[in-house]
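Colleague: The structure that follows is given in the form of structure tokens.
The values are calculated or read from the model by the stated rules, or taken from the named source; none is laboratory data. Please read all numbers here as calculations on a predicted model, not as lab measurements. Reconstructed Cβ throughout: ideal geometry from the backbone, glycine too, with neighbour counts over all protein chains shown.
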């Protein structure tokens, strides 16, 4: 039975799924999830894909947000977009990770992935029948689920929501169109010419704009024109004025993090990676994390240097990380003219001692893993040296090492258990989507028989 509103669809799906879990029937459902960072693109894409499967194909599908309910407040831009999509205050309709309780094996075994393309280990642990039946993503392709996932779309786009919109039927709820459009606008900065937006994003936005409650004087054909023609869209167009205003409001909320603590900033936009270290031996894997933060380190650290390093260590302890990269992205506004300055990026990398080492896993074609033996101890000095050398030689990132004094702290303030470096990033177009593969390639590089590294 088709739900009349997006809110009703989500409420009904959540209620039925949780009831089935209590009765041991979780395996009749497909669980669709975005990545664990929980950004608007991930959540909107998961909601939309669940709606498509449930309402048009009658396949029981529920979106799972890999964020604790209390942490939803760390994404004010999401809260704003949810309100535009007419979800209830506090979004009780959503299934957050802590709305579920399970011990051992995850209670469902059929998954659809959006905005990432590899199932996280906790969903396949002791779950031999786990299968990924769909992948829709715009990140680097890790090559899994090539036979089981249908569809399997891993292709460039400014926003994953654009790929999901391409799977939508001609008629979708206005609230869903609004949610997907909001995700596209925030990821592409309003379809900015010369930015992240590709033709697939413009075509998706054109489709979605006609499905919202907005009246449109701009045709879909005009909106989906490729660059450079699309750069003139703002001229005398009410629709583009709407796009600009909506984008401005979303970004304003996204970057208003002045009241966040260091811990909040580290976990607000965070992704974790499970890396094999074949240069140690084939049995050693570690956790590494990347936090994207819209704050200049020169403003952030001096507020409380001791608190900054303490919170960073606590976060790494909590997440059992050997490596943490803090990736900043910001602009400074001229106090006199009000004009925004150039976009800048920095990186702060931490390698710490004492993190838990996991048994290695050999990956199968479907992304599952098999333990291969006991782990070996990681030489932290060697790990740090390998990471620093790789980062500093990266043509993708174009990093320049910085003096800690410029950031109101000293290297020794981090403590003896953490090795740290700060960099200015030359390539400001390189986001976490570009940084993660660089980190993975550096740390997963294989040593040959003479000790040299090779891929």
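Colleague: Any chance you could count how many residues in the stretch 246-277 are more than 16 Å from residue 76 (Cα to Cα) and either more than 19 Å from the chain's Cα centre (by Cα) or at pLDDT 95 or above (or both)? Don't jump to the end; show me each part of the working.
Modeller: Of all residues in the stretch 246-277, those more than 16 Å from residue 76 (Cα to Cα) come to 262-263, 271-277.
Checking the rest, the ones that are also either more than 19 Å from the chain's Cα centre (by Cα) or at pLDDT 95 or above (or both) come to 262-263, 276-277.
Qualifying residue count for the region: 4.
Colleague: Just give me the residues in the stretch 399-417 being at pLDDT 95 or above and either more than 17 Å from residue 300 (Cβ to Cβ) or assigned by TED's automatic domain parsing to the domain that holds residue 140 (or both), in sequence order.
Modeller: 399, 400, 401
Colleague: Keeping to the stretch 21-32, report how many residues are free of Cβ contacts under 8 Å to residues at least 40 places away in the same chain and either surrounded by 12 or more Cβ atoms within 10 Å (Cβ to Cβ) or within 19 Å of residue 49 (Cβ to Cβ) (or both).
Modeller: Of the residues in that region, 2 qualify.
Colleague: Kindly check whether there is at least one residue in the stretch 44-64 that is buried (at least 16 other Cβ atoms within 10 Å of the Cβ), at pLDDT below 95, part of a loop (DSSP other than H, G, I, E, B) and touching a strand residue (DSSP E or B) at 6+ places or on another chain (Cβ under 9 Å).
Modeller: no
Colleague: Something else now. Could you grab me the full set of residues in the stretch 297-312 that are touching a strand residue (DSSP E or B) at 6+ places or on another chain (Cβ under 9 Å) and either over 19 Å from residue 270 (Cβ atoms) or surrounded by fewer than 17 Cβ atoms within 10 Å (Cβ to Cβ) (or both)?
Modeller: Just the residues of the stretch 297-312 that are touching a strand residue (DSSP E or B) at 6+ places or on another chain (Cβ under 9 Å), to begin with: 297-301, 309, 312.
Answer for the stretch 297-312, where residues must be touching a strand residue (DSSP E or B) at 6+ places or on another chain (Cβ under 9 Å) and either over 19 Å from residue 270 (Cβ atoms) or surrounded by fewer than 17 Cβ atoms within 10 Å (Cβ to Cβ) (or both): 298, 299.
Colleague: Related question: Among the residues of the stretch 33-69, count how many are in contact (Cβ under 8 Å) with a residue 12 or more places away in the chain and more than 13 Å from the chain's Cα centre (by Cα).
Modeller: 18
Colleague: Take the stretch 414-427 and flag every residue that is more than 14 Å from residue 392 (Cβ to Cβ) and surrounded by fewer than 17 Cβ atoms within 10 Å (Cβ to Cβ).
Modeller: 415, 416, 417 - these are the residues of the stretch 414-427 that are more than 14 Å from residue 392 (Cβ to Cβ) and surrounded by fewer than 17 Cβ atoms within 10 Å (Cβ to Cβ).
Colleague: Search the stretch 244-299 for residues being in a loop (DSSP other than H, G, I, E, B) and without any contact (Cβ under 8 Å) to a residue 12 or more places away in the chain, and hand back the single one that is farthest from residue 345 (Cα to Cα). Write out each step before concluding.
Modeller: Step one: list which residues in the stretch 244-299 are in a loop (DSSP other than H, G, I, E, B), which gives 255-261, 269, 277-283, 294-296.
Remaining after also requiring without any contact (Cβ under 8 Å) to a residue 12 or more places away in the chain: 258-259.
On the way: 258: 18, 259: 21 Å.
Checked the stretch 244-299; the qualifying residue farthest from residue 345 (Cα to Cα) is 259.
Colleague: What number of residues within the stretch 67-97 satisfy the criterion of being outside any helix (DSSP H, G or I) and either within 17 Å of residue 161 (Cβ to Cβ) or out of contact with any helix residue (DSSP H, G or I) (no Cβ under 9 Å at 6 or more places or on another chain) (or both)?
Modeller: Restricting attention to the stretch 67-97, the residues satisfying the condition of being outside any helix (DSSP H, G or I) are 67-68, 75, 85-96.
Right, trim to either within 17 Å of residue 161 (Cβ to Cβ) or out of contact with any helix residue (DSSP H, G or I) (no Cβ under 9 Å at 6 or more places or on another chain) (or both) and you get 75, 85, 87, 94.
The qualifying residues number 4.
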